[in-house]
Amino acid sequence: MTIALGIETSCDETAVALVGSDRRILAQSILSQIAEHRPYGGVVPEIAARNHLIHLRPLLEKTLQQAQLSLDQIDVIAATAGPGLIGGLIVGLTMAKSIALAKSKPLIALNHLEGHALTARLTDAVEFPYILLLVSGGHCQLLLVKAVGDYQCLGTTLDDALGEAFDKVAKMLGLGFPGGPAVEAAAKQSTLRAQQGGKIQSFPLPRPMWGRPDPNFSFSGLKTAVYQQASSLGPVGSQLPLAAVQDLAASFQAAAIDCIIDRVDCALKRIKQQKITLKGLVAAGGVASNQFLRQKLQALCGQYHLPCIIPPPALCTDNAAMIAWAGLEWFKKGRQDGLDTLPRPRWPLDPNFTVSYS
Ligand code: KG4
Ligand code: ZN
């Protein structure tokens, strides 16, 4: 068995994992910096980098101890090299390079998005090709995953990422940080009230890009519409009536996810026209931990008789097991990166893609 060490420091999670080529996660540790960033209502890059620097080494030692392994027993060192916040990327990649140099081990400097893209092969051994819906704080894309390293972008967001829209709506509604889980929890309260026969308010919101022939997304208009509806409840930033906030969160979540389902449907139709036989639809990235989205994607896949594979929530949000696994996938193909590899704050999965829409 080959064992990879994975290091993830591209945003506000410091994460280390040890994964075997038999798809077993031998140990993993994640340190969330939510408390440090909460007072600012978002991730502060400088604070993130400093925290990675403080916590990465103890976290590495703890993870090795958990698995009862030493660095000498690791076969490959994988770290996120981009895209992400440059300070954090430097910390994680430099740690990986140092270990690779000191222990004469191969280094693999990975694309973070590739980690998300290949997680379903770690959890469910899904085969190629599959459609990937990648929905995180910085990305909202549909990709055709043909092989390790072969990703064809089918569509992307023209403005905000879906996670970013959830985060901004949460901020408007005073639901706190991080916004995605807070919006989902508030929306759940609204649904519960409805199920118990209580009164709920339904806010009319637009579905941007609905029915368009290219599977692109847009969320800025929806976000503005939520702002307008929130303003009708009282000054945004002040404490708004709780029940109305929960109902507005539910209306936003329903609208955003309607858009996602329509765009995924558009991509699936296109793939069908091209007579490509898919092995499944995979969702990944932080927003893929949203239960409402998971249910809707399952239902859509049912219509296409297509397996719907969504890793457990803890492997949808940022983690190092996905980095270790992507490292193993590449190691099998003989890849090894030089110690002079630089971190890349921007790094698209499909460099040939330029967005076009009609
Ligand atoms: O993949 P991820 O952990 O980090 C990035 O690479 O961006 O995704 C974080 C994003 C944040 O915008 C967060 O609010 C969103 O995922 N998110 C959610 C949920 N959990 C996390 N959005 C909606 N519902 C959730 N349950
Ligand atoms: Zn991510």
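Looking across the range 27-43 at every residue that is of a type in the set (A, V, I, L, M) and more than 16 Å from ligand 2 (Cβ to nearest atom), the one that is surrounded by the most Cβ atoms within 10 Å (Cβ to Cβ) is identified as Ala27. Filtering the range 315-324 for residues that are closer than 19 Å to Leu144 by Cα and not in a loop (DSSP other than H, G, I, E, B) leaves a non-empty set. Give the residue that is nearest to ligand 1 (Cβ to nearest atom), with candidates limited to residues of the range 291-311 that are touching a Cys at 6+ places or on another chain (Cβ under 8 Å) and not in a helix (DSSP H, G or I). Ranking the qualifying residues of the range 291-311, first place goes to Ile310.
Consider Ala288 carefully, then state whether it is closer than 30 Å to Ser98 by Cβ, within 16 Å of ligand 2 (Cβ to nearest atom) and not hydroxyl-bearing (Ser, Thr, Tyr). Answer is no for this residue. Where strands (runs of 3 or more DSSP E) fall entirely within the range 102-155, those with at least 1 residues that are more than 15 Å from ligand 1 (Cβ to nearest atom), under 22 Å from Phe331 (Cβ atoms) and without any contact (Cβ under 8 Å) to a residue 60 or more places away in the chain are at 140-147.
One residue stands out among those in the range 9-35 that are part of a strand (DSSP E or B) and closer than 14 Å to His55 by Cβ: the one that is nearest to ligand 1 (Cβ to nearest atom), which is Glu13.
Look at Glu114 and say whether it is under 23 Å from the mean Cα position of the chain (by Cα), modelled with pLDDT of 95 or more, more than 27 Å from Ala170 (Cβ to Cβ) and within 16 Å of ligand 2 (Cβ to nearest atom).
Against the criterion (under 23 Å from the mean Cα position of the chain (by Cα), modelled with pLDDT of 95 or more, more than 27 Å from Ala170 (Cβ to Cβ) and within 16 Å of ligand 2 (Cβ to nearest atom)), Glu114 qualifies.
Within the range 74-90, the set of residues being crowded, with 23+ Cβ neighbours inside 10 Å and either polar (S, T, N, Q) or assigned to a helix (DSSP H, G or I) (or both) comprises Thr80, Gly88, Leu89. The residue list Gly155, Gly138, Gly149 contains one member that is away from ligand 2 (no atom under 15 Å from the Cβ) and either surrounded by fewer than 24 Cβ atoms within 10 Å (Cβ to Cβ) or not assigned by TED's automatic domain parsing to the domain that holds Arg294 (or both), which is Gly149.
Considering Gly163, Gly211, the condition of being more than 16 Å from ligand 2 (Cβ to nearest atom) and either on the phi > 0 side of the Ramachandran plot or in a helix (DSSP H, G or I) (or both) is satisfied by Gly211 alone. Only a single criterion out of (1) touching a Pro at 6+ places or on another chain (Cβ under 9 Å); (2) more than 16 Å from ligand 1 (Cβ to nearest atom) is not satisfied by Glu329, namely (1).
Which residues, counting only those in the range 173-191, are aliphatic (A, V, I, L, M) and in a loop (DSSP other than H, G, I, E, B)?
Result: Leu173, Leu175.
Report, by residue number, each residue of the range 299-358 that is closer than 26 Å to Met209 by Cβ and of a type in the set (A, V, I, L, M, F, W, C). Across the range 299-358, the qualifying residues are Ala299, Leu300, Cys301, Leu306, Cys308, Ile309, Ile310, Cys316, Trp347, Leu349, Phe353, Val355.
Which residue, of Ala314, Ala283, Ala288, is within 12 Å of ligand 1 (Cβ to nearest atom), closer than 19 Å to Arg24 by Cβ and of a type in the set (Gly, Ala, Ser)?
Only one candidate passes the filter, namely Ala314.
Could you give every pair whose Cβ atoms fall below 6 Å, whose first residue belongs to the range 278-289 and is within 17 Å of Cys259 (Cα to Cα), and whose second residue is more than 16 Å from ligand 1 (Cβ to nearest atom) and not in a strand (DSSP E or B), counting only separations of at least 6 or pairs across chains? Cβ pairs passing all conditions: Leu281/Cys301; Leu281/Leu306.
One residue is enough: does the range 94-108 have a residue meeting the conditions assigned by TED's automatic domain parsing to the domain that holds His52, closer than 30 Å to Pro215 by Cβ and at pLDDT 95 or above? Within the range 94-108, none of the residues are assigned by TED's automatic domain parsing to the domain that holds His52, closer than 30 Å to Pro215 by Cβ and at pLDDT 95 or above. Scoring Lys279 on the criteria (1) closer than 20 Å to Thr157 by Cβ; (2) in contact with a Phe, Trp or Tyr (Cβ under 8 Å, 6 or more places away or on another chain); (3) outside any helix (DSSP H, G or I) leaves a single failure, condition (1). How many residues does the range 1-26 contain that are hydroxyl-bearing (Ser, Thr, Tyr) and either within 16 Å of ligand 2 (Cβ to nearest atom) or without any contact (Cβ under 8 Å) to a residue 40 or more places away in the chain (or both)? The number of residues fulfilling the criteria is 3.
The values are calculated or read from the model by the stated rules, or taken from the named source; none is laboratory data. All values reported here derive from a predicted model rather than from experimental measurement. With ideal geometry, Cβ positions are generated from the backbone for all residues, glycine too; neighbour counts draw on all protein chains shown.
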